[in-house]
1. Only residues in segment 45-65 that are on the phi < 0 side of the Ramachandran plot and outside the structural domain of Thr92 (by TED's automatic domain parsing) count as the first member; pair them with residues that are part of a helix (DSSP H, G or I) and hydrophobic (A, V, I, L, M, F, W, C), Cβ under 6 angstrom, at least 6 apart or cross-chain, and list the lot.
2. Looking only at residues in segment 127-156 that are among the aliphatic types (A, V, I, L, M) and in a helix (DSSP H, G or I), which one is nearest to Tyr86 (Cα to Cα)?
3. Consider segment 157-168. How many of its residues are hydrophobic (A, V, I, L, M, F, W, C) and either closer than 21 Å to Lys119 by Cβ or assigned to a helix (DSSP H, G or I) (or both)?
4. Among the residues in segment 348-365, are any crowded, with 17+ Cβ neighbours inside 10 Å, over 22 Å from the mean Cα position of the chain (by Cα), at pLDDT 95 or above and not in a loop (DSSP other than H, G, I, E, B)?
5. Kindly indicate which of Gly241, Gly247, Gly216 is touching a Gly at 6+ places or on another chain (Cβ under 8 Å) and either under 15 Å from His282 (Cα atoms) or outside the structural domain of Leu333 (by TED's automatic domain parsing) (or both).
6. Going through segment 36-93 one residue at a time, which ones are assigned to a helix (DSSP H, G or I), over 11 Å from the mean Cα position of the chain (by Cα) and among the hydroxyl-bearing types (Ser, Thr, Tyr)?
7. Consider Ala277 carefully, then state whether it is touching a strand residue (DSSP E or B) at 6+ places or on another chain (Cβ under 6 Å), assigned to a helix (DSSP H, G or I), among the hydrophobic types (A, V, I, L, M, F, W, C) and in the same structural domain as Pro206 (by TED's automatic domain parsing).
8. Say whether the condition of being in a strand (DSSP E or B), touching a residue at least 12 places away in the same chain (Cβ under 8 Å) and either under 18 Å from the mean Cα position of the chain (by Cα) or outside the structural domain of Asp188 (by TED's automatic domain parsing) (or both) is met by at least one residue in segment 304-313.
Amino acid sequence: MISASAFLESLKNEGFKFFTGVPCSFLTPIINRVIDDPGLRYVSASSEGEAVAIASGAWLSGRQTVFMCQNSGLGNAVNPLTSLNYPFRIPTLVLISRRGGPGLEDEPQHELMGEITPKILDTIKVLHAPFPKCENDIANAITIAREQMNSYQLPFAFIMNKDDVMEYKREAQSAVGTPVGSVEDKLDGMIPSRYAALERMLSVVPENAAIIATTGKCGRELFTITDREQHFYQVGSMGCGVAMGLGCALNSKRPIIVLDGDGGALMKLGALATVGADGPKHLIHIVLDNGTYDSTGGQPTNSINTDFAAIAVACGYPHGYRCDGLLGFGTALASALGMPGPHLIHLKIEPGSRSNLGRPTIRPVNVARRFRAFLTEG
């Protein structure tokens with residue numbers, strides 16, 4: 001058994017200072033100690049997949065990151081680990097607690113996952129090792145993990161068992177409320193295409209802004225209009241756009257623009273609460289809402305009655321905007337660029353896209369490296 005302080009001190013020595021995840025009782029000592037350390041940052045995520053995306057955004061901004069979850073949440077993290085971290089070669093250190101491990105009496109819902117946790121990690125090509133058992137082993141274990149991540153540019157996991165870490169308790173903390181923001185209507189009734197909306201956005205945002213485009217036709221159209229080093233085209237990890245943007249915004253001073261879709265925003269709606277709680281002032285979240293899953297044939301989403309701007313404000317965004325035309329969209333975007341955020345702009349757009357639409361021709365790993373260089377330069 002080791003102390004959380006000893007483990008975290010070795011992590012800090014290796015440059016790991018940004019943590020995110022979803023709590024587990026096995027992980028409690030480490031999470032509590034991270035929260036109490038002013039030199040470390042912990043972002044509490046609403047889902048494990050969201051946490052993976054937050055860590056990925058932080059890595060793209062130059063940080064060494066740690067993602068923490070219980071093994072029951074590993075299933076939620078498989079999508080971004082395989083469709084974001086793997087193709088873009090984004091490493092993160094994973095601390096995964098193993099409920100239902102061999103010889104451990106546990107709740108029935110942990111039985112199967114406890115048995116297959118290492119097999120799942122093997123299948124998704126996440127190298128792993130047991131969590132260090134004594135303090136003399138910590139530094140070497142972390143050095144090996146760091147070397148593996150540097151070599152393969154992929155996540156590496158420590159599998160933690162019950163009582164691997166000594167108990168660490170925090171003093172009771174009171175919750176702090178966020179003032180309710182406001183929603184503005186910027187309506188002119190001329191619903192645009194996504195392509196036209198992207199052109200308008202590019203005409204307004206400054207050259208130093210980084211842009212993350214959600215998976216599907218949004219990234220493909222942005223690439224068709226223009227390809228720049230500050231563009232990140234998510235080719236997978238649906239729903240993870242704003243979580244990645246949050247990770248970037250918490251670790252970079254550049255404006256961060258996230259281009260989301262209604263389907264993606266609905267998939268991980270809890271991420272809006274995470275953004276609202278952490279409050280990055282230079283994050284602008286744009287939801288391009290055509291009411292369909294455009295990339296898969298135009299099946300309807302459930303956004304018809306969804307007021308994304310009002311939801312964002314209720315989650316702690318200071319500003320939300322409803323738009324249904326390019327004039328209002330441009331006005332909302334200029335307003336968002338001129339005052340502290342985070343902001344959400346909900347723009348209604350037409351279904352469909354340009355015919356014979358191409359795809360980004362740059363390999364994901366190269367997209368990630370040039371994007372990281374852009375965020376960390378200067």
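1. Once the first residue is on the phi < 0 side of the Ramachandran plot and outside the structural domain of Thr92 (by TED's automatic domain parsing) and sits in segment 45-65, no partner that is part of a helix (DSSP H, G or I) and hydrophobic (A, V, I, L, M, F, W, C) comes close enough.
2. Initial filter on segment 127-156 (among the aliphatic types (A, V, I, L, M)): 127, 129, 138-139, 141-142, 144-145, 149, 154.
So of that shortlist, the ones also in a helix (DSSP H, G or I) come out as 138-139, 141-142, 144-145, 149.
Values: Ile138: 26, Ala139: 26, Ala141: 23, Ile142: 21, Ile144: 20, Ala145: 17, Met149: 12 Å.
Among those residues, the one meeting the criterion is Met149.
3. First pass over segment 157-168, keeping only residues hydrophobic (A, V, I, L, M, F, W, C): 157-160, 165-166.
Next, from what is left, pick out any that are either closer than 21 Å to Lys119 by Cβ or assigned to a helix (DSSP H, G or I) (or both): 157-160.
Matching residues across segment 157-168 total 4.
4. yes
5. Checking each option against the conditions leaves just Gly247.
6. Selection gives Ser72, Thr82, Ser83, Tyr86.
7. On the way: touching a strand residue (DSSP E or B) at 6+ places or on another chain (Cβ under 6 Å): no; assigned to a helix (DSSP H, G or I): yes; among the hydrophobic types (A, V, I, L, M, F, W, C): yes; in the same structural domain as Pro206 (by TED's automatic domain parsing): yes.
Judged against the criteria, Ala277 is not a match.
8. No, every residue in segment 304-313 fails to be in a strand (DSSP E or B), touching a residue at least 12 places away in the same chain (Cβ under 8 Å) and either under 18 Å from the mean Cα position of the chain (by Cα) or outside the structural domain of Asp188 (by TED's automatic domain parsing) (or both).
The values are calculated or read from the model by the stated rules, or taken from the named source; none is laboratory data. Computed from a prediction, not measured in an experiment: that's the story for all the values here. In this analysis, Cβ positions are derived from the backbone assuming ideal geometry, glycine residues included, and neighbour counts consider all displayed protein chains.
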